[in-house]
Amino acid sequence: MAFRPLGDRVLVKRVEEETTTKGGIIIPDTAKEKPQEGEVVAVGPGARDDKGVVQPLDLKAGDRILFGKWSGTEIKLEGTELLIMKESDVLGVLS
């Protein structure tokens, strides 16, 4: 994929939730919420501070992250649904 986010933006692919519960109950598509977990696909170079120096991001491609329910802008690249969001919208990194 030939896409590079600018500034302190991050390109994220949502991680799909399970379709069944631990007890074996199947969750229909209409009852599912959008996942708030994703994998970082690409990161921008970082934001500039007051002096014009680029501050690198703490995230890197491949990180699994948690983000807010309404964070980011949904886009479609090469048939894949992705999110673009600022690093500040990321709540944390899963290890």
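Each of 57, 82, 6 has its accessible area taken with a 1.4 Å probe; listed largest first, they run 6, 57, 82. Within the chain, what's the longest run with no GluC sites (Glu not before Pro) in a DSSP loop and at most 12 other beta-carbon atoms within 10 Å? Give the range, please. For GluC sites (Glu not before Pro) (loop position, at most 12 other Cβ atoms within 10 Å), the longest site-free span of the chain is 34-77.
Taking a sphere under 11 Å around the Cβ of residue 55 and counting the other residues whose Cβ falls inside, with K and R at +1 and D and E at -1, yields a net charge of -3.
The value of relative contact order for the stretch 35-95, using C-alpha pairs under 8 Å at least six residues apart, is 32 percent. The calculated Kirkwood hydrodynamic radius for the chain is 14.5 Å, given to one decimal from all distinct C-alpha pairs.
The values are calculated or read from the model by the stated rules, or taken from the named source; none is laboratory data. Predicted, not measured: the structure shown is a model, and the values here were computed from it. Cβ: placed from backbone, ideal geometry, glycine included. Neighbour counts: every protein chain shown. In case anyone asks, the SASA skips ligands and DNA or RNA and just uses the protein heavy atoms, side chains included. Shrake-Rupley method; radii C 1.70, N 1.55, O 1.52, S 1.80 Å.
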